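J.: Please find one structure pasted underneath; my questions will follow.
Computed from the coordinates by the stated procedures, all read-outs in this text should not be read as laboratory data. Keep in mind that what you see is a predicted model, and the values were worked out from it rather than measured. Here the Cβ is made from the backbone with ideal geometry for all residues, glycine too, and neighbour counts use every protein chain on show.
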Amino acid sequence: MKKHNFQPESLMMSYGYRPEWSEGSIKCPIFQTSTFVFNSAEQGKAYFEVAYGLREKEESEPQGLIYSRINNPDMEILEDRLSLWDQAEACAVFESGMSAISTAFLEFLKPGDLLMYSKPLYGGTLHFIEHILPKWGIDILGFRAGMSQIEMIELIKQSGKQDRLAMIYVESPANPTNDLFDLTVCSNVAKQFSKSDKQVMLTVDNTYMGPLWQHPLEFGADLVIYSATKYIGGHSDVIAGAVLGSHERIQRLKVLRTFLGSMISPWTSWLLLRSLETLKIRMEKQADNAQKVAVFLEGHPLVKKVHYLGLLKPTDQAYPIYKKQFNSPGAMISFEVQGGEKEAFQFLNHLDLIKLAVSLGSTESLVQHPATMTHAGMEAQEKELYGITPSLVRVSIGVENAMDLIKDIEQALEAIPNEIRVSSNNSPLSKVA
């Protein structure tokens, strides 16, 4: 009988771990150790040759355990399981999402290179690109959603640095506006400027969609990055990051990770292994809740505009990208209230169930004000250009009861001053059952 290929959500319970390795324990233990004992000096030598990239690991050769800064059973099993969702050859996990991002930049960019990046981006990534990379002699070039392949190519040529393009970095959907970027177009542009001795890489931050709702490697990405703090962790109790891609590229990142010391801890690895078991269930519930909340917001008179993939219409420019790249509209909603910052703050300060905190992807719903919080470092003109207005709020929808979330949002909207109110004969709740 042909062996059945199990789905990732089934393999999250056991993949990469054998109970007989750990006294029959059904769950992988926490290997809280700094170092590992070698059976012989020859074995230690062999392990270090592979760890330091002095030679390639032979096909049947086990990955030797040396020191938890280099590798650890919890870390390795986590990397194996994360690779399943994106069908990646390999994965490297880090102590934070930003350490995953910065390590990728450090390994694959050098002084004189040009980095092309989508805008807007998560505020931490944007700051690193615009304020740190230029100090190291790396040139940067931003581009907006909706640009065609021809327009992107022309923008690169106009920079006069097309021969130095080394990486295209994309967040899609964009944080916090949910703008979409066509990854196939970005991949084609990267190939256009690649040479036989230098490949232009496409790196995609897929945090907004988690490992479930979009798989960038299918559309030509070379690296996929996650803030594992978000959906992968899913409980607001860990900080972690991950990068996925080919064996060769991930091995390069792991070598640099060893010397930067930005590896994940055994305890954090174990917590993420726990979280992966419920990832699909959590994310599906979050997406279902988000669709109901988005419909409610779209019909509310105190809401000017809702940015949510599930509300895209066939006539919208981004609709074909959404249908091609995504398996779900996700659980991230941004919307603009009537008024400005004052009214947005009135709304935020009156929420009860939904908590005012940055981050996303957790079981509890979280809300924040991008213009003054996660994207506070952007220039005022940049915020206006990319739609990060004073009235914009971002909500990460959790697994609570959907009607409870809607009721909480409704009562908080009622706190907006009367002079801003717009009369309506329609009941916002009539659109959700």
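J.: Going through the range 16-64, which trypsin sites (Lys or Arg not before Pro) have at most 13 other Cβ atoms within 10 Å and a DSSP loop state?
T.: Filter output for the range 16-64: 55.
J.: Still on this structure, I have one more. Using alpha carbons only, how many degrees (0 to 90, rounded to 10) separate the axis of helix 266-276 from the longest principal axis of the chain?
T.: 60 degrees
J.: Could you give each residue of the range 207-212 its phi-based ³J(HN,Hα) in whole Hz, using Karplus coefficients 6.51, -1.76, 1.60 with θ = phi - 60°, and x for Gly or Pro?
T.: Karplus values, whole Hz, x for Gly and Pro: 4, 4, 9, x, x, 9.
J.: Under 8 Å for C-alpha pairs, at least 6 residues apart: give me the relative contact order for the range 280-431, rounded to a whole percent.
T.: Relative contact order here is 32 percent.
J.: Which lysines, on any chain, are close to residue 57 with Cα under 20 Å apart, when same-chain ones fewer than 8 places away are left out?
T.: 45, 254
J.: Could you list which residues have their amide H under 5 Å from that of residue 400, counting only those 5 or more apart in sequence or on another chain, with H placed in the peptide plane?
T.: Placed amide hydrogens put 365 under 5 Å from residue 400.
J.: Just rank 184, 125, 177, fewest to most, by other beta-carbon atoms within 10 angstrom.
T.: Result, fewest neighbours first: 184, 177, 125.
J.: Would you mind telling me the antiparallel percentage of the DSSP bridges in the chain, rounded to 5?
T.: Here the share of antiparallel DSSP bridges comes out near 55 percent.
J.: Treating the beta-carbon of each Lys and Arg as +1 and of each Asp and Glu as -1, no other charges, what is the dipole magnitude of the chain about its Cα centre, to the nearest 20 debye?
T.: Around 380 debye, computed over the chain.
J.: Turning to a different aspect of this structure: So if R0 is 51 Å, what FRET efficiency would residue 313 and residue 3 give, r being the distance between their Cβ atoms, rounded to the nearest 0.05?
T.: 0.70
J.: Mind listing P(r) for the chain? All alpha-carbon pairs, 20 Å bins, whole percents.
T.: 25, 54, 20, 1, 0
J.: What lysines could a cross-link reach from residue 191, if we take a straight Cα to Cα line under 24 Å and drop same-chain neighbours fewer than 8 places away?
T.: 110, 119, 157, 161, 323, 324
J.: Can you list the lysines whose alpha carbon sits under 24 Å from that of residue 407, skipping same-chain ones fewer than 8 residues off?
T.: Those lysines meeting the cut-off are 285, 292, 304, 305, 342, 355, 431.
J.: Here's something else I'd like to know. If you filter the range 318-399 for GluC sites (Glu not before Pro), then keep DSSP loop positions with at most 10 other Cβ within 10 Å, what is left? Walk me through the numbers before you get to the answer.
T.: Numbers: sites: 336, 341, 343, 364, 379, 382, 384; in loops: 364, 379.
Here the GluC sites (Glu not before Pro) that fit, given the DSSP loop and packing criteria, are 379.
J.: Give me, ordered by chain and number, the residues 5 or more places off residue 175 or on other chains with an amide H under 5 Å from its own placed amide H.
T.: Answer set, sorted by chain and number: 122.
J.: For the chain, calculate the relative contact order in percent as a whole number, restricting contacts to Cα pairs under 8 Å that are 6 or more residues apart.
T.: With pairs under 8 Å counted, the relative contact order is 16 percent.
J.: Continuing with the same structure: Note down the relative contact order for the range 1-146 as a percent, whole number, built from C-alpha pairs under 8 angstrom at least six residues apart.
T.: 18 percent
J.: Can you work out the Karplus-derived ³J(HN,Hα) for every residue in the range 100-109? Use 6.51 cos²θ - 1.76 cosθ + 1.60 with θ = phi - 60°, whole Hz, and x for glycine or proline.
T.: 5, 5, 5, 5, 4, 5, 5, 7, 10, 10
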